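Q: First the structure, then my questions, so here it is.
The values are calculated or read from the model by the stated rules, or taken from the named source; none is laboratory data. Since this is a predicted model, take the numbers as computed values, not measurements. Please note: Cβ atoms are built from the backbone with ideal geometry, for glycine as well, and neighbour counts cover all protein chains shown. Surface accessibility is based on the protein's heavy atoms, side chains included, excluding ligands, DNA and RNA. Shrake-Rupley method; radii C 1.70, N 1.55, O 1.52, S 1.80 Å.
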Amino acid sequence: MTLLTIGAFARLSRLSPKALRLYDKLGLLPPARVDPTTGYRFYAPEQLERARLVAWLRRLGMPLTRIHRVCELEAAAAAREVRTYWAQIEADTAARRDLANVLLDHLSRKDPAMPTAAEPLHIRYAALSDTGLVRAGNQDTAYAGPRLLAVADGFGPAGAPAGAAAVEVLKRLDTEHIPAGELLNVLGDAIEQAGQAVHALAAADPTAPEPGTTLTAMLWTGSQLALVHIGDSRAYLLRSGELFQITHDHTLVQAMVDEGRISADEAASHPQRSLLMRALTGTAEATADMHLHDARAGDRYLLCSDGLSSVVPSQDIHRIVSTVADPEHAVRELITLADHFGSPDNVSCVIADVLELRR
């Protein structure tokens, strides 16, 4: 068998000799033979396919440990792994783009030329969480207070403590007066602490499956609110009779919809519709979406776990949210509606109405 020198192999594979020496040390691309006297490396022509795959994956920015895993897989499984990796990259890029827009909006509000007056407002709220008709326990957490609204949907054996721990961290903000200009910083710090709380749960029992939770929360200042979101719990806004989803699901099927590979209708029945791309977990760092919203009198916000949004048709959610005036009655009606559709999962709802402050 004719072997290629490291220089010739580098030219054909489009990998530098320096990179090839590194990949040899890591066991990713060992040479076919090493000269025992000179230490010079030689490669077999059939190694070119693997080398070119490594080169392509490096251009994608894939970490070497993950490239090693991809290279050991059959073609179909390797394709799935690359698809999942790229969906994560696109989701992270979208999160950074959203954060850039939030920062631009935040800085614009600090511009002295921008008007700062806002009508005094307050919120009327209610929260309710229910086990549903199938699950033995409730891993959801729902909370509503004068300044904070939150829904968390835990997963894994320690999912309930994970969701509760994340919300408990945010509940500390419910007693503090936070200037509008500090909303993003305060909420960003709180999300980091919530992630640390979930990590502490995972560290307590390293042998157990990794706990995690989604988290969708709003922090209120009286005329403005900051929304933080990670996972597939949702936030909706009812304004002028129309219901808008104001969060973006961090799921594999939503990424596939965004890429145009499947339709929204196909996503609703897809076997991997519950596979999360981002969540608060015990090990992985994940970026949460953050947005600023100007509140208006007459607005109504709904936060819910996917036990509602994935079971109850959107038109039925709209009907209840737009017609049941009292928040307490509305959250109960929504959970009753989920029961009507079988409630295969835990169901949590938070509703907050934005009202003018009477003087």
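Q: Restricting attention to region 43-53, does a residue exist that is outside any helix (DSSP H, G or I) and modelled with pLDDT of 90 or more?
A: Yes: one or more hits.
Q: May I pose another question? In region 268-278, what residues are closer than 25 Å to Pro209 by Cα and not in a strand (DSSP E or B)?
A: Residues satisfying the conditions are His270, Pro271, Gln272, Arg273, Ser274, Leu275, Met277, Arg278.
Q: Right, something else. Kindly indicate which of Leu184, Leu219 is closer than 28 Å to Val347 by Cβ and in contact (Cβ under 8 Å) with a residue 24 or more places away in the chain.
A: Being closer than 28 Å to Val347 by Cβ and in contact (Cβ under 8 Å) with a residue 24 or more places away in the chain holds for just one of Leu184, Leu219, which is Leu219.
Q: Right, here's the next one. Among the listed residues Ala166, Ala160, identify the single one that is part of a helix (DSSP H, G or I) and open to solvent by 10 Å² or more (accessible area, probe 1.4 Å).
A: Of Ala166, Ala160, the one residue that is part of a helix (DSSP H, G or I) and open to solvent by 10 Å² or more (accessible area, probe 1.4 Å) is Ala160.
Q: Spot the failing condition for Leu201; the list is (1) in contact (Cβ under 8 Å) with a residue 60 or more places away in the chain; (2) open to solvent by less than 50 Å² (accessible area, probe 1.4 Å); (3) in a helix (DSSP H, G or I); (4) of a type outside the set (Lys, Arg), and only one is missed.
A: Evaluating Leu201 over (1) in contact (Cβ under 8 Å) with a residue 60 or more places away in the chain; (2) open to solvent by less than 50 Å² (accessible area, probe 1.4 Å); (3) in a helix (DSSP H, G or I); (4) of a type outside the set (Lys, Arg) leaves (2) as the failure.
Q: Related question: Under 8 Å between Cβ atoms, which residue pairs at least 6 apart in sequence (or on different chains) link something in region 124-149 that is at positive phi and in contact (Cβ under 8 Å) with a residue 24 or more places away in the chain with a partner that is hydrophobic (A, V, I, L, M, F, W, C) and not in a strand (DSSP E or B)?
A: Taking only residues 6 or more apart or on different chains, the pairs are Gly132/Ala338.
Q: Continuing with this model, one more query. Taking Thr84 as meeting all but one of (1) at pLDDT 85 or above; (2) within 30 Å of Asn346 (Cβ to Cβ), write down the number of the exception.
A: Failing condition for Thr84: (1).
Q: Shifting gears a bit: Any residue in region 312-322 that is in contact with a helix residue (DSSP H, G or I) (Cβ under 9 Å, 6 or more places away or on another chain) and acidic (Asp, Glu)?
A: Yes, that holds for at least one residue.
Q: Just to confirm my filter: which strands (runs of 3 or more DSSP E) fall fully inside region 211-263 and include at least 1 residues that are open to solvent by less than 10 Å² (accessible area, probe 1.4 Å)?
A: In region 211-263, 215-220, 224-230, 234-239 are the strands (runs of 3 or more DSSP E) which contain 1 or more residues that are open to solvent by less than 10 Å² (accessible area, probe 1.4 Å).
Q: Now a separate question. Return the residues of region 38-82 that are among the hydroxyl-bearing types (Ser, Thr, Tyr) and farther than 14 Å from Leu12 by Cβ; say none if nothing qualifies.
A: Answer for region 38-82, where residues must be among the hydroxyl-bearing types (Ser, Thr, Tyr) and farther than 14 Å from Leu12 by Cβ: Thr38, Tyr40, Thr65.
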